[in-house]
4 protein chains.
Amino acid sequence: MKIGIIGAGRIGQVHARAVAASPTAELSLIADPVPGAAEALAARYGGSATTDADEVINSDVDAVIICSPTPLHAQQVLASTRTGKAVLCEKPLAASVEEAEQLARDLEGLNPRVMVGFNRRFDPSFAAAKAAADRGELGQVEQVSIISRDPAAPPKSYIAVSGGIFKDMSIHDLDMARFLIGDIAQVSAVGLNMDPELADTGDFDGAIITLISADGKVATVTNSRHCATGYDQRLEIFGNAGSAVVDNLRPTAMALNTADVSAAREPYLDFFLDRYAEAYSLELDAFLAGVAAGTALSPSVRDGVESLRLAVACDQSARSGQVVQL
Amino acid sequence: MKIGIIGAGRIGQVHARAVAASPTAELSLIADPVPGAAEALAARYGGSATTDADEVINSDVDAVIICSPTPLHAQQVLASTRTGKAVLCEKPLAASVEEAEQLARDLEGLNPRVMVGFNRRFDPSFAAAKAAADRGELGQVEQVSIISRDPAAPPKSYIAVSGGIFKDMSIHDLDMARFLIGDIAQVSAVGLNMDPELADTGDFDGAIITLISADGKVATVTNSRHCATGYDQRLEIFGNAGSAVVDNLRPTAMALNTADVSAAREPYLDFFLDRYAEAYSLELDAFLAGVAAGTALSPSVRDGVESLRLAVACDQSARSGQVVQL
Amino acid sequence: MKIGIIGAGRIGQVHARAVAASPTAELSLIADPVPGAAEALAARYGGSATTDADEVINSDVDAVIICSPTPLHAQQVLASTRTGKAVLCEKPLAASVEEAEQLARDLEGLNPRVMVGFNRRFDPSFAAAKAAADRGELGQVEQVSIISRDPAAPPKSYIAVSGGIFKDMSIHDLDMARFLIGDIAQVSAVGLNMDPELADTGDFDGAIITLISADGKVATVTNSRHCATGYDQRLEIFGNAGSAVVDNLRPTAMALNTADVSAAREPYLDFFLDRYAEAYSLELDAFLAGVAAGTALSPSVRDGVESLRLAVACDQSARSGQVVQL
Amino acid sequence: MKIGIIGAGRIGQVHARAVAASPTAELSLIADPVPGAAEALAARYGGSATTDADEVINSDVDAVIICSPTPLHAQQVLASTRTGKAVLCEKPLAASVEEAEQLARDLEGLNPRVMVGFNRRFDPSFAAAKAAADRGELGQVEQVSIISRDPAAPPKSYIAVSGGIFKDMSIHDLDMARFLIGDIAQVSAVGLNMDPELADTGDFDGAIITLISADGKVATVTNSRHCATGYDQRLEIFGNAGSAVVDNLRPTAMALNTADVSAAREPYLDFFLDRYAEAYSLELDAFLAGVAAGTALSPSVRDGVESLRLAVACDQSARSGQVVQL
C-alpha cells in the first residue's frame, strides 16, 4: 500500500518510521511546508518530498497520514477522502467541536475511510487491561483511573497555540475513558496552576477530571504538564471481581539495591516516542489491515468528535466550577 | 497510666489489645451496655467491667478511650474532660458538624486533652510517605491521590444508621487529605451506586472526591464499599521533584510463578484490624506519650470538626452536582 | 505454662519478649552468669533472676528455653530433660556432630520433649512458599535456592569462637534445605574470603553450597557475612509446574519515584530481630502447643544433628575441593 | 555494508531480520543446503539465495554471519577470514575445545575480524547491570548469580546431537560469568536429571555450576531445560556496596488483582526470539560498528575458546564429582 504523509514534524517522523518498518506499506510521498523538512525525512525512510500538501492529496497514494497542524486537519481529511484516499488523522480531529461536527457531516455519503490517531488504544499494556475486562475477569467494570503526566511542559509559545490542556493533552485520556466505560453523560473538571512559570499562559498545567458514563461507571483523569521521574502513564480498571493495573515502563528490567534504596528501577521511559513506539506501530498495522479488508476503522470520526466534545466540557467545567451534563 | 474504655465492640477490642500490649498503660475499666461484652473483654485483656459508661467517666482512670456509638461521642468527651481525664475518641468526633462545633466550644477553658482516632496518620507506610514529603524529597507537593476501598459492604442495617458513606467511610480519607495538603477550600464529590443490592439504602456505595486546598494543591479520594482483592488502601503524593507511593500490604512476601501468572502476590490484607494493627498501636503510643508529656494531642478536636465539615460538603456536592466552597 | 530461660543475651531477649507476649506462657525464671543481665531482663518481661543455670533446670518451670553459649547446649538439654522439662534449644544443638549424636543417644528412653530453634521454618513467607509446594501448586520440586546474607560481619572476637561460618551462619540455611528437599546425600561447598579485613580469621566470610537430596533434588545456598542493603533473606522453590519466591521484607510499603530512580523501596529490614520477629513468636507458639498437646516437637533433635552434620560436610568440602557423600 | 548469511534456520532468520532492519547493512546473499530455505528467507528480507555456503564465502559481501551447524563453524570462520570477510559466528565457536584452539592458531597472522555471537552481552538489562558495576555503584563485585531456564526441552533428537547441556545451553551463561567476573580458575558442576522422559538421553536436563575467578569472585549458574512460566533469564551482581538485579521480562506492564491473587503479571516472555530480540539487534549494531571502525570485535575468538573450555570443565566436574582447576 502506498502511503503519503502530510507533515514532517515530530509525529510525522514517528509515522514515517513505522511505515518504513511495515512489510505491507511503502512510503511514497511526504509533504511539509518547511523547506528541507520533507526531504530529510524521505532521505531517511524513503519516498519523494514536496512542500505542497495538495500534491499528496492528489497523488496516487492509497492512504494519507495527516500530521499537519490541527487547524488543517478537517480540510485535509475531507480533501483526501474526496480523492479516494484512506486517512489516518492525528488527534485532535479538528480545532473545534463545531469544525469536527461539520467534517462528520461533510463526510457523509463519501464512503469515508478515516481513522483518528488515538494511539494509546493500541498500547499492548492498555490493550491487555481492556482485554481482561472484556473477557469478564474483572466482573462489572465500575471505576477507571487514568494518570497521564508529561515529563516537562512544552514551551510557552506552544501552549499559547495548543488549544488548552484539555484539547491538547487530556484528549488522549478522554478518549481512553470513552474506550473503557463508553459514552459519557457528565463531566466535572478542576484545572490546576502548579508551576508559577506558566501562570501567565492563561492555561492550566494540571487537571483532575471526573467522567460519569450513561450507565453510571466513573473514570478519573489526573493530568500534569510535568513529572520529575519521566512520562507517567498509568491505568487502572476496577471491577467488582478484580482490577487490572498498568504500571509505567522503564528502559530495562534492572533494579538496584544499595545502602539507601532497594528494588530501585530506572526512571520511566522519557516520553511518548519511546513509551508508545509499539503502539504507533500497532496503530499503523490496524489502519493498514482495516483499509485492506474494507472493515470499519476505529477509532472513528465519531470518536474524534466525542473526544473534542469532552475536552470542551472539561474546560467549561473547570472554568465555571459546575458539573457539565452532556 | 490507667485506661478506661467505653464500648467493647470491634474497635473497643482493638484498643483493649493495644493497651494490654503497651508497657506504660494498664487496662483498668471497660464499659459496655450489652450484658457480658465488657466482662469478656476484661477477661481477655485485664481490668474490671461495667455496663455503665458513667462509671468509667467517674472512675480514677487517667484516660478514657471512647469507642461508643457516634451519637454518644460528644457528651462522653465533654464529661470525661470535666472529670479531668485525657480522651482518645474514635472517629467521627460527633454525629454532626453542629454537634462537633458545640463540643469544641464547650471544651474551651476546660484544658481539654482530647485526641481524635484518625489512626491512619500513624500507619508506618503513610507516615513514611509524608515524611519524605516533609523532608522535601518530593519538592513542592501538588497532587495527592487516596484510594480507599473496603473488602465488602457492611450490612444494610449498619448502612441505615451509618450517617452515610462520607461521614462513615470517606472521613478517614478526608482527614488524610487535610493531613497532607492542609485546609481545604473547595470540594466536589460524585456519589456512585455500583451494587444494585444496595440501591435502596439511599446511600452511595462509592465516591470520587476532589479537594482543593487554600494554596491550590489537589487531593482526590476514590472510595468503594467493596473490593474483591481485599482492603484496598493506597496513597500517592506527587510533587514537582518526585512522588511517594504506598502500595497495599499482603500477609507475606511470597510470590508465585505458574504457567498462568508470574510474580503473583496474595490478596491484600483483608481489613483494618490487620492492615492497621500497627497504626492503632502507634496511635496509642502517641496518645500516651502526649498525655504524659503534656504536649498538644494530634489529631485534634479541630481535626475532628474539619473532617466532619468536609464529609458534609461532600454529601452536599454529590447530591447537588455543585462544587462547594468552604 | 511456666517458662525458664537460660541465657539473657541477644537471643534470650528475643525469647523473653515472645514469652511475655504469649497468652499461655509465663516467664518464671531467667539465668545468666553475667551479673545483672538476668535481672535486667526479668525487670522488663517478668519473672525472677539468677546467675546459676542449674537453678532453672531444677526449678518448677514446665519448659526451658536454652540460649546459652553453644558448648553448654548438650548438657543443659540433657539435664533439663532429666528433670522433666520440655526444652526449646537454640541452634546449633551442640558444638560438634559427635556431641550432638551423643546427646541424641543419651536422650533415648528419657521421653525427651526437645525442639531445636530453627526459627526460619516458622517465618510466614517461607512457610507460605513451602505450603504452596506441599499443596502441589509447583508440581514436582526440583531446585531450591536460598540466599542468606547478614548486614555486617560480627566482631573478629566472635568469629574466632563461632565454630566457623558453616556451623554459625549457614546452619540455618542447611536446615531450610533439608526442610524443603529432605535428607541430603551429597554436599559440595566453596568458601569465599571477600573482605580483606577478615582474611586472618582463618574463617570464610562467604560460601556457595550445593546440596543434592537422596532423590535428586538440588538446593543451593549463597552466604555472605555482609550486605550493604540489609539482611538479605530470600528463598526460591522451583518445581516443574511453577515456582514460589520469597523476597526481602522492608519496614514499610512505601516506594519513591524521583528524577534518578523509580519504585525505590527502603533497604531490607536490618537484621534477624526485625526480620524474624514474627517467626520467633510463631516458633514459641508451636513449641507451647506441641508441649501442651504432647505431640512430636519439630524441628527435632534429629534435625539438630543432621544440620550439624551438613555444616561439617560443607567445611570439609570447602577445604578439600571435593564433593562429600553422606 | 553487504552481508551474507550461512544457515537459514531459526537463528539465521533472527539475524536476517536484524540485517533487514539495520540502516547500514544490506542483506546480499543467503546460503542453506535445504532446498528452498534460503529462498524463503531472501524473499522475506531481501538478497539472493543459494544452497552452497562457499558461494557466500567467495562472494563480494563484506561480512558473513555464520548460523550453520556447529561442526561447520571453525572451517567457515577460517575460510571467510581468508577471503577477507568480517565474521559474526554463532556460538559455540567450534564443536570442541581442540577445534576452537586450532582455529585460533589458524587465524593468527590473517588479520581476523571475528566476533562470537554471545548475544546476551548486548541485552539492555544485563548491560545496565554490568554498567552499574563498572561505574562502581556496587562496590567490589563479589558474587554473581545467573539463572537460565528454557521454557521446554528441545526434542530428544536435538539433544542427541547438541553436544550436551553445558556446550549447548550453559555456554551462554558461562560466557556471561566470564563477562562479569573475568577469567575462571576453578569450576565445579552438578548435573541434574529432573525429567524422567529425558533420562535415557545420557545428558543432564539441569545443572548447578560454581565458577571461581582468578581473583576470588564467584559466579553460580542455575540451568533447567524446562520452566513452566516461560523463559527464565535472570541475573544478580552482588558487590560489597550494593547489588544489581535483572528480573524476567513480560509482554506487557499489566498486572491483575482478583480474589485469588494480587499484582499478578503475565508469564515471562516465552523464548529467546522475544526475550533477546533487542539484544540480537544491538549485537549486529556492535558488529557493524566495529567492522566499520576497524576496532577490536568483542566477544572475541578467545571468548569463544574460553567458554568452550568452561563447558568441557563443567561436564568433567559433573561426571567426576571433582572440582576442576583451570
Contact order normalised by residue count of chain C, Cα under 8 Å, 6+ apart, percent: 19
Rounded accessible area per residue of the protein assembly as shown, 1.4 Å, Å²: 36
If Lys and Arg each add +1 and Asp and Glu each add -1, what is the summed charge of the other residues whose beta carbon sits under 13 Å from the beta carbon of D:V312? -3
Taking a label point 7 Å out from Cα toward Cβ, give me the nm distances from B:D134 to the same spot in the other copies, shortest first, one decimal. 4.3, 4.4, 4.8
How large is ³J(HN,Hα), in whole Hz, for each residue of region C:54-64 in order, when computed from phi with the Karplus curve 6.51 cos²θ - 1.76 cosθ + 1.60 and θ = phi - 60°, using x for Gly and Pro? 4, 4, 5, 4, 9, 7, 8, 5, 7, 8, 10
With only alpha-carbon atoms in the gyration tensor, what are the semi-axes of the equivalent ellipsoid for region D:91-187, in Å, largest first? 26, 21, 13
Within region C:142-196, what whole-number % of the accessible surface is contributed by carbon and sulfur, with the 1.4 Å probe and all protein chains included in the calculation? 56
Across 5 Å bins from the origin, how do the percents of Cα pairs in region C:13-92 run, short distances first? 3, 16, 28, 28, 20, 6, 0
Just to confirm the numbers: C:S162, label point 7 angstrom along the Cα-Cβ line, distances to the other copies in nm, shortest first? 4.0, 5.5, 5.8
Rotational relation A to C, axis-closest Cβ in chain A, residue and distance rounded to whole Å: A:A264, 2
About the Cα centre of region D:39-172, what is the dipole size in debye to 20, counting +1 per Lys and Arg Cβ and -1 per Asp and Glu Cβ, all else neutral? 380
Rounded to the nearest 20 Debye, what is the dipole magnitude of chain D about its Cα centre when Lys and Arg each give +1 and Asp and Glu each give -1 at the C-beta? 340
Where N is the number of residues in region C:210-326, Cα Rg divided by 2.2 N^0.38 Å: 1.42
In the Gaussian network model of chain B, springs joining C-alpha atoms below 10 Å, which of B:C227, B:C67, B:C89 carries the largest mean-square fluctuation? B:C227
Nearby lysines by direct alpha-carbon distance to B:K85 (threshold 24 angstrom, same-chain neighbours under 8 apart not counted): B:K2
Give me the dipole magnitude in Debye, nearest 20, for the protein assembly as shown about the Cα centre, with unit charges on the beta carbon: positive for Lys and Arg, negative for Asp and Glu. 0
Could you list, in their original order, any pairs among A:K130/A:K217; A:K217/B:K91; B:K130/B:K167 whose Cα atoms are separated by more than 20 Å? A:K217/B:K91; B:K130/B:K167
Could you tell me the distance between the Cα centroids of region D:1-41 and region A:229-244, to the nearest Å? 42
What number results when the radius of gyration of the protein assembly as shown, computed over Cα atoms, is divided by 2.2 N^0.38 Å? 1.04
Whole-Å distance linking the alpha carbon centroid of region C:164-222 with that of region C:280-302 is 26
If you split all Cα-Cα distances of region D:147-290 into 5 Å bins from zero, what percentages do you get per bin, shortest first? 2, 8, 14, 18, 18, 17, 13, 7, 3, 1, 0
On a C-alpha basis, how far is the centre of region A:103-121 from the centre of region D:69-145 in Å? Whole number, if you could? 53
Among the complete DSSP H segments of chain C, which ones combine at least 18 Å of alpha-carbon extent along their axis with a mean Kyte-Doolittle hydropathy of -1.0 or more? C:70-82, C:277-293, C:301-320
Which one, B:A38, B:I57, B:G9, projects farthest toward the positive side of the charge dipole computed for region B:2-88 from Cβ point charges (K/R +1, D/E -1)? B:G9
Need one number for region B:264-322: average projected area of the convex hull over its C-alpha atoms, nm². 7.1
Within the accessible area of region B:198-262, what % is carbon and sulfur when the probe is 1.4 Å and the other protein chains stay in place? 54
For region D:225-326, with +1 on Lys and Arg beta carbons and -1 on Asp and Glu, the positive-most of D:G242, D:S262, D:S307 along the dipole: D:S307
In region A:233-247, what residues drop by 50 Å² or more in accessible surface going from the chain by itself to the full protein assembly, probe 1.4 Å? A:E236, A:F238, A:S243, A:V245
On complex formation of A with C, accessible surface lost, both sides summed, probe 1.4 Å, nearest 100 Å², amounts to 1100
In the neighbourhood of D:M194 defined by beta carbon distances under 13 Å, the net charge of the other residues (Lys, Arg +1; Asp, Glu -1) is -4
Kindly give the distances from A:R10 to its copy-mates, label point to label point, with each label point 7 Å from Cα along Cα→Cβ, as nm values to one decimal ordered shortest first. 4.2, 5.0, 5.5
If packing is taken as the mean number of other Cβ atoms within 10 Å per residue, what is the order of A:154-163, D:240-249, highest first? D:240-249, A:154-163
Answer check: chain D, Cα atoms, Kirkwood Rh, Rg/Rh ratio of 0.97
State the three equivalent ellipsoid semi-axes of region C:71-126, derived from the C-alpha gyration tensor as the square roots of 5 times its eigenvalues, in descending order and whole Å. 21, 14, 9
If every alpha-carbon in region D:197-267 counts as one equal scatterer, what log10 I(q)/I(0) does Debye give at q = 0.16, 0.19, 0.25, 0.27 1/Å? -0.87, -0.99, -1.17, -1.24
Out of all DSSP beta bridges with both ends in chain A, state the antiparallel percent to the nearest 5. 55
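The values are calculated or read from the model by the stated rules, or taken from the named source; none is laboratory data. The model shown is predicted, which means the values in this text are computed figures rather than measured ones. Using ideal geometry, Cβ is built from the backbone for each residue, glycine included, and neighbour counts are taken over all protein chains shown. These area figures cover heavy atoms from the full protein model, side chains too; ligands, DNA and RNA do not enter into them. Shrake-Rupley method; radii C 1.70, N 1.55, O 1.52, S 1.80 Å.
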